[in-house]
Amino acid sequence: MNDALPPTRDLPPHRHGQIRARLEQEVAGRRRPVRFAPLITAGVAAAAVVVLVAVLAPGQRRDAADTASSGTAQSAATEPSSAPPATPSRRTPVIPGLSPERVAEVERGCQESTLRPGKATLHQYVTDEVGTFALLYTASELVSCTVDGPVMAYNAAGGVVWDSGWLPGVLALDELGSASGGDGGKAEHAGIPGHDMAVGRVTGDVAKVVYEHGGRSVEARIANGTFVARLAHPSDWQAPEGWDALGVVRAYDADGALLGEWRQAWDATKCWVRPDGVIVAGARDLDPARCHPAVAWQW
């Protein structure tokens, strides 16, 4: 008889998501169905994107990387390369109006909220009619973070981007989601607007990003190689349960010419590779030799 204890193992990624969901349920006191799906499409100038779609209630976040629906692209995406090739020198994001101490506090608080180790770099800090939002990136994830919410100071979700140093063309749409307004839930959520949101990364060739959804449009805020677009809804608005009408994201140059576009579609024939042949966007089961070259993201 062998009485030896089995070796200690790290929790698998899906267990982190389950634990996080349980904690959020207890903190927020409410829960709505949440569904995620990876979407890939090709557009003008090879502007394909990987999207994690979420329908959330106020104050509730789920780790998109751990709860994404299964599929060829997503299953492969959960194992980013640990040794990417050297990229051109990276720039240091500048966040106007925030002290270095506050930047470090936001980076630490948002990253810890994802229950993941490591450090995320702050690229945008936006306060609008919806509230305050921070967008951060690690080497292989985006961190989408609500700041100074009514229940939690930092409430973040993480999503796999495989290798944030590379883009599938001029535009990478990394997260597309909706959140219901706060009325009808816990008292501390009352009055919080609902919203639709699109965030991602762009090259320096992009001067304008426009997000169109539900007959409305908004020009995204571009900063530090990223964009953030949010469409506010009344506080009694309920986010749809599905993602049948996700809208359109378009990127333009300084002269107004269309550089890239994302529309709701799945194209399993497209992929983009780093110089070493590793696929960093698109369908991961394709022959890398037939993929498009990825574009370096210098942020």
### Task
Please state the charge dipole magnitude for region 166-299, taken about the Cα centre, from unit charges on C-beta atoms (+1 on K and R, -1 on D and E), reported in debye and rounded to the nearest 20.
260 debye
### Message
Take D255 and K186, extend 7 Å from each Cα along the Cα→Cβ direction, and tell me the distance between the two endpoints in nm.
### Response
5.3 nm
### Task
Could I have the simple spin-label model distance between T92 and D276, label points 7 Å from Cα toward Cβ, reported in nm to one decimal?
2.7 nm
### Query
Rounded to the nearest 20 Debye, what is the dipole magnitude of region 78-216 about its Cα centre when Lys and Arg each give +1 and Asp and Glu each give -1 at the C-beta?
320 debye
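Each value in this text was obtained by applying a stated rule to the coordinates, not by laboratory testing. As the structure is a computational prediction, the values presented were derived from the model and not from experiment. Every residue, glycine among them, receives a Cβ derived from its backbone with ideal geometry; neighbour counts consider all protein chains shown.
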